[in-house]
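The values are calculated or read from the model by the stated rules, or taken from the named source; none is laboratory data. Note that the structure is a prediction, hence the values are computed from the model and not measured. Here Cβ is always computed from backbone atoms with ideal geometry, including for glycine, and neighbour counts include all displayed protein chains. Each accessible area value is taken on the protein alone, full model and side chains, heavy atoms only, with ligands, DNA and RNA left out. Shrake-Rupley method; radii C 1.70, N 1.55, O 1.52, S 1.80 Å.
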Amino acid sequence: MPVAPVALNADINQISQVILNLLTNAIDAAGPGGWVEATVGRTDRSAFAEITDSGPGPGPQVAARLFEPFVTCKPEGVGLGLAVAKQIVEAHGGAIGWEQREGATCFRIELRVENDNNKPRDERSDSRG
């Protein structure tokens, strides 16, 4: 079922950078023959995006420090992508995290939804009459 548009107070370029980073990481982690899934949704107070892949996930040596600068699982990686993603998401009042789900790895970002109760009735995004 499609998700209705939501209003976010966010820099679209920065949030796009986060999503692109998570997708690129997922594609790399899934490897040939693997899969990547991107989903979006919302709760009463937030909108979220989840990027899930069939890759093995981060190893135990880096799992607890994954969002710290210069921590990476990639032989050629610098380890700044997730640290920058965390900084961007948190600067927008949101949260980023990851977990293992049924043999897959899922990264999730969550951002607060703009409250439209203060807008004039004709500018609200819902269908209240």
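Take residue 11 and tell me if it is more than 19 Å from residue 90 (Cβ to Cβ) and charged (D, E, K, R). In short, no.
Cβ separations smaller than 6 Å between residues 6+ apart or across chains give the following pairs from the range 44-70 residues that are closer than 19 Å to residue 89 by Cβ to residues that are modelled with pLDDT of 90 or more and basic (Lys, Arg): 46/112; 48/108; 50/108; 67/86. Entry remark, the range 40-55: residues being in a loop (DSSP other than H, G, I, E, B) and surrounded by fewer than 18 Cβ atoms within 10 Å (Cβ to Cβ) number 4 in total. When the range 10-39 is limited to residues that are in contact (Cβ under 8 Å) with a residue 24 or more places away in the chain and loosely packed, with under 13 Cβ neighbours inside 10 Å, the one that is nearest to the chain's Cα centre (by Cα) turns out to be 11.
Count of the range 67-88 residues, restricted to those that are open to solvent by less than 50 Å² (accessible area, probe 1.4 Å) and touching a helix residue (DSSP H, G or I) at 6+ places or on another chain (Cβ under 6 Å), is 5.
Of all the residues in the range 56-66, those that are open to solvent by 30 Å² or more (accessible area, probe 1.4 Å) and part of a loop (DSSP other than H, G, I, E, B) number 3.
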